[in-house]
Every structure is written in C-alpha cells, then in structure tokens.
C-alpha cells in the first residue's frame, strides 16, 4: 500500500467518522476503547514493521477524530435552552440573504442585544415573517417574538439542518420594526448591493421567463421562475442548472476550458481564464459558504485537467473534502449543495474520463465509414464528446442522492442534459454581458439581450420539449426510494473501485 493510498483512506476514514456520528449517537464510553484499539494496532505495525497494520491503526484514529470533531462542533455552539418558549425584544441585523416564497420571508438574524442588554456573545435565529415588507441583508431591525427550539418536520431533522448554519433557535411571525441603517461585513454588503443591482439590469433587459432563467443560471435565484417551468425542469432532469452547487459549476467550468482550447487559446491561458471565471462567479453570487465550496470543487476539476492526472487527483479531492468537513461537519448530512458538489466532482474526475475514452474509441472505429468524419473530429467532436461524458459521469455519481432528495428519477436526463447543458455557458456569458452593459448603456444592453434571449429561448423550448415525453420523469415511492438509491450507490461504487484502483495499479 503506497503512502498516497494510505493518505486517501485516512481522509475517507475521517469523513466516515463524521458520517457515522451524523446518523447515530455514539456514547463517550465507546470512544476510549476505539482509541486504545487504534493505538495498539499502530504499535503492532511499528514493532513488526507491517505497513498495513499501522496504516489501519491510523484509519481507526481518523474515524475517532471525525466523531470527536462532530461532537465538539455541536457543543461549542451557543446554548439557548433558557430562552426557549419565552417572548423577548431583541435587536440585530439580517445576517444572510433572505429566502422568499409566495407567502413568507425567511432570513438568518444576528441577535446583538436582548431586552436592551448588549450580548457578549451574539447568536443567530431563523426568522419567518410575512412576504412583505421586504428585508435585505444588513438591515438593522428590532424584533419582538417568542424564541423557540427548532422542531423536526415530518421526520426531517430540521434542528440539525439549521445547526450547519450556526442557527439554534427560530422565531415565527414576530413584530418587526425597522431601525434604519445597515450592519455587517462591508465586503458582504457590497457584494450584495452589486448582486441586486445586477438583477435589476437583467430584469430591465430581458422579458419573463427569460430574465428569471438568466438570474437562475447566474445567481441561483429561482423564486421568480414560473411554477410550470419549474415542473418542466424537474421532469426533464435539469433542475441543477439553476441550483448553485458544484454540479453546474464544475460542468460549466470544464466545458468553458474545453471551449477555450477549441478556440486555439493556449492551454495554460485557458486554464487561468476558466479558473478566474469560477472565482468571479463565486464572488458575484455573494460568496456564500455553499457556493464557495462548490467553486473549490470546480477549480479542482480544472486543476486535474491541467495536470493531466485525473485519477491522481483523488487525494486532493479527499483532502479538500476533509478540510470542509473539519470546518463544518454538519454539511455532510444536511447540506445538499455540498453533497451534490462533492459527488458531481467525483463523477467528473473518475467516471467521465472513462466514458469519454470509450466514446472516442467507438468514434475512431466508425470514422472511416463516415464521409467527412475526420474533419468533424478535428474541429468539433472533442468538445461534444467531453460534454456528453461529463454529463453522464456527473449524473451517475449524483443519481443515488437525487433519488433520496427528490424521490424522482428523470429517465431522459442524459439526453436532455446534453442538449441543454451545451447552451448553458453561452447563455451565462451572454446574460452576464447583458447585465454588465446595463450599468453603462441601456441601448447596448438591449442589443446584447437579443442574443441572450435567443439562447434562453432555445433552452426553454428544449426543456418544455423533453418534459412532455411520456414517463420523462418517474416518481419513486418513499418506501422504495432508499433501496433504489442504495442499489445505485453500490453500482457507482463498484465502478469507482474497479476503474479507479485498476488504473492506479496499471500506472504505478
């Protein structure tokens, strides 16, 4: 067993400890025996000079560290038990971007003073209020309401879901008074103001639902997308393109890199342009933790392509994932964006290259029979093959999770994704230019908006077309979904280990 593989399994063991602790309570009486076992196995390996022994011992200790880290993160958070069930007047400011629905507004609120007393240790609460009036990030408010402990919803651990964002209390429909002024991180406030101004420019230049789709692609804003179009997204299996997870960021980043190379831009320049594009994208969307994690995953894929060693990037991916989990262990179970980001990146790094190799191999066999195939292969086939392979690879990796999250499987998503994802980078680029030009000239913005509208119109038409197919999407019964997801996960893992480690053995 090589040192690189030992490191990889230690990172996996750490994640495994967090994963196990996320689902079951592990009493402290068990932790000490785990430590003793790990220590003895390491000692035996060192004395007998058996690498497998001490490596196994390190993995056992890594599991222990994962468990302890989860518990420490839990108990290091503020304790608000004495406040639950009581009515208070508290002052603070809107801490994160509010989320909006048809009838309600939800936002994280940083409490800085309670009943007129300034707190030494401010804390966050989740506020649910009426849809109007609008509140924005940084708004200073005085809130009067009952602070409650989060309760689980229909078997979903809502309390732990909020804990991943550092929230340990909720307040529903309180009395709110605007005090005026803004507070918070100046950089975050500036990015928020830029984001809102950009949204206004997009809305002014593009009609609906094209403007809503453009904001969804660029900013992850789905609230203004019509319900019927959202349903079409679900049936066609392309909801991910308007969800700011690593799924779309990695695919778009990789596609952008391939497209730049296709335009004969030198690889090293194309790499830095694509990487800078991902960084700017993260900044533009407010650099929230989930989007930042997704951006890191996307950049890892680009680095893997630059190095030309997709399979050797497994340690970098495992290390990045372990660092993110160490920072916030709750994201492993309660942050769907992180889960999609990580799995999509694994699919792009591990599964997609194999699929692309098979496609190219088949194409070479048929090339002699197709008139003009040589020219097609030289000019445009690579980018099409890679996009198709990346879409299938990412879809295969995230399929088990999508079944669990949504209880639905899109049977035509591989085809619909190829037809639609190919247009995503162009739609994003054209819409971005339209929004930027809006800051300088409405006339220029409207000219650019025509190109944006045409690409977005194509996407909408294709989404609606695929959504109309009979059995385009199949709903999985709740009791059956976990078993199908488990079977799908086993199939993906089998492919992962046979291809991943088979390649390692042949290249070592």
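The values are calculated or read from the model by the stated rules, or taken from the named source; none is laboratory data. Just so you know, these numbers come straight off a predicted model, no measurement behind them. Glycine also receives a Cβ, built like all others from the backbone with ideal geometry; neighbour counts cover every protein chain displayed.
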Note to self: Restricting to the range 288-334, and then to whatever is modelled with pLDDT of 75 or more and in a loop (DSSP other than H, G, I, E, B), can you tell me which residue is surrounded by the fewest Cβ atoms within 10 Å (Cβ to Cβ)?
What the structure shows: 328
Next item on the list: Determine whether the range 59-74 contains at least one residue that is under 23 Å from residue 148 (Cβ atoms) and under 33 Å from the mean Cα position of the chain (by Cα).
Entry: yes
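In the range 166-179, which residues are touching a residue at least 60 places away in the same chain (Cβ under 8 Å) and closer than 17 Å to residue 151 by Cβ? Reasoning before the result, please.
Taking the range 166-179 first, the residues touching a residue at least 60 places away in the same chain (Cβ under 8 Å) are 166, 168-169, 171, 179.
Result: 168, 169, 171.
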Checklist line | Top-ranked residue of the range 115-128 - restricted to ones that are modelled with pLDDT of 85 or more and over 27 Å from the mean Cα position of the chain (by Cα), ranked as surrounded by the most Cβ atoms within 10 Å (Cβ to Cβ) | finding: 122
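So that you can scan it fast, the table gives a plain yes or no per residue for (1) part of a helix (DSSP H, G or I); (2) closer than 30 Å to residue 420 by Cβ:
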{"position": "146", "(1), (2)": "no, no"}
{"position": "170", "(1), (2)": "no, no"}
{"position": "188", "(1), (2)": "yes, no"}
{"position": "195", "(1), (2)": "yes, yes"}
{"position": "198", "(1), (2)": "yes, yes"}
{"position": "202", "(1), (2)": "yes, yes"}
{"position": "211", "(1), (2)": "yes, yes"}
{"position": "217", "(1), (2)": "yes, yes"}
